[in-house]
Amino acid sequence: MLNVAKKELEEKTDFRFEYEEIKVGRKVSSIKFNIYKNHAKQGDPLFGRLRIRSTNSIILRKNGSI
């Protein structure tokens, strides 16, 4: 489910994200999201000139807190 959202967000916006499941034992207890500005795509006049300046991370815990 997250991979579908990830692909759609990257295609339709200027943001992208990566995520990491944080486990306690075999259960996923949290998900860490790293959010980035999307790179320019090949054919875009800015291709090769944009760089990520900052990264924002969000961790969602099983109980819904951030």
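Every number here is computed from the coordinates shown, using simple stated rules; none is lab data. Quick caveat, the model's predicted, so the values are computed rather than measured. Every residue, glycine as well, gets a Cβ built from its backbone with ideal geometry; the counts of neighbours run over all protein chains shown.
Overview of results
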| read-out | value |
| --- | --- |
| Net lengthening on full extension, Lys6/Asn34 (0.36 nm per residue, minus Cα-Cα) | 8.9 nm |
| Sorted peptide list for 8-17, 23-32, criterion being average Cβ within 10 angstrom, highest first | 8-17, 23-32 |
| Under-5 Å amide H pairs with Asn38, H placed in peptide plane, nonlocal only | Phe15, Arg16 |
